[in-house]
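Asks: Have a look at this one before I ask anything.
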Amino acid sequence: MRDRYFKPAGGAGTPARTPDGTPDGIVARDVTVTYRNGHTALHDASFQVPRGTITALVGVNGAGKSTLFKAIMGFAPMARGDIRLLGLPIKQALAANLVAYVPQAEEVDWAFPVLVEDVVMMGRFGHMGFFRRAGRADHEAVAAALERVGMSDFRDRQIGELSGGQRKRVFLARAMAQDGQVILLDEPFTGVDVKTEEKIITLLRELKEEGRVMLVSTHNLGSVPEFCDRTVLVKGTVLAHGPTETTFTHENLERAFGGVLRHFTLGGDDLHHDREDTRELRIITDDERPFVQYVETEGTAGAPTAPRPEDDGKDAEDGSR
């Protein structure tokens, strides 16, 4: 079983590689987490994520997404199984400050009096000495991170005074200042407007090009095909994982969401003036942002179909209103 997921490192400091030779990002093998009350929140979960990718973690509330994050960060001891981050055991990866976390808004006490600059500086603590005194390199890293997320002008503001989107960018800056190579983002688009979402996605794409690994927990189904290379679907275990185009399918979403997922179909005169156009517009939603697909009504029902050039973007926008 072990050889299926891991290959031994080539030497000290050399990361393990996945079976296809790609440098490891995140590799989980048969991960099972049982809490003290006896509840097994995650069982036999296995998946792998290469470096230089953005991966969506998708599932209903209570499916085990938060538990998986806690396991990766070492907060939830595993009853069995193993997780490797960049080819390293969890403890080694955490000790090397390789893992950064962007929390949900609900996890933060926004009334606590702390400046934006100080929040970002928290990402540097693991790089400081015993007395946690910030040096020149730390201040430069914080300034560069704030500049990159467009929040330099807010460095002396209280974090609680910012909007939801600004707060998200500050915590993303903290991850950048930390120089985290594995970045876990918990619902980064909740409570932000479309413009802020686009800015965050742009930043994530830049980090992807730098070879970092991003695991994004999200209910925002509509955005997953837009920017996520891979998808992991969770419901007590990992139901499916792989490239988004082959994993983020109607069938797999039905398995992950069950009765929570709603879908609508528009076709014929309701959608097209051209009666010869047999395509339908399928809208799938869990009441956040819908996932819109063009599907053929004959032969390939359920398969995403690219819009025609003359309709590119037009019908999808009309159908999602």
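Asks: Against the conditions (1) touching a helix residue (DSSP H, G or I) at 6+ places or on another chain (Cβ under 8 Å); (2) more than 23 Å from K199 (Cβ to Cβ); (3) free of Cβ contacts under 8 Å to residues at least 60 places away in the same chain; (4) in a loop (DSSP other than H, G, I, E, B), where does G150 fall short? Just the number, please.
Replies: The number of the failed condition is (2).
Asks: Related question: Here is a list: K168, K195, K199. Which entry is crowded, with 23+ Cβ neighbours inside 10 Å, of a type in the set (K, R) and either touching a helix residue (DSSP H, G or I) at 6+ places or on another chain (Cβ under 7 Å) or part of a helix (DSSP H, G or I) (or both)?
Replies: Only one candidate qualifies: K168.
Asks: I need a count of the residues in the stretch 80-108 that are modelled with pLDDT of 95 or more and farther than 22 Å from F125 by Cα.
Replies: The total comes to 5.
Asks: Among A63, A93, A100, A141, which is surrounded by 13 or more Cβ atoms within 10 Å (Cβ to Cβ), touching a residue at least 24 places away in the same chain (Cβ under 8 Å), over 30 Å from D44 (Cβ atoms) and out of contact with any Ser or Thr (no Cβ under 7 Å at 6 or more places or on another chain)?
Replies: The conditions single out A141.
Asks: In the stretch 144-164, how many residues are of a type in the set (K, R), surrounded by 17 or more Cβ atoms within 10 Å (Cβ to Cβ) and over 24 Å from the mean Cα position of the chain (by Cα)?
Replies: Within the stretch 144-164, residues that are of a type in the set (K, R), surrounded by 17 or more Cβ atoms within 10 Å (Cβ to Cβ) and over 24 Å from the mean Cα position of the chain (by Cα) number 1.
Asks: Sticking with this structure for a sec: From the list V116, V108, which one is buried (at least 19 other Cβ atoms within 10 Å of the Cβ) and in contact with a helix residue (DSSP H, G or I) (Cβ under 8 Å, 6 or more places away or on another chain)?
Replies: V116
Asks: Spot the failing condition for D118; the list is (1) within 24 Å of the chain's Cα centre (by Cα); (2) not in a loop (DSSP other than H, G, I, E, B), and only one is missed.
Replies: Exception for D118: condition (1).
The values are calculated or read from the model by the stated rules, or taken from the named source; none is laboratory data. These figures come from a predicted structure and were not determined experimentally. Backbone-built Cβ (ideal geometry, glycine too); neighbour counts: all protein chains shown.
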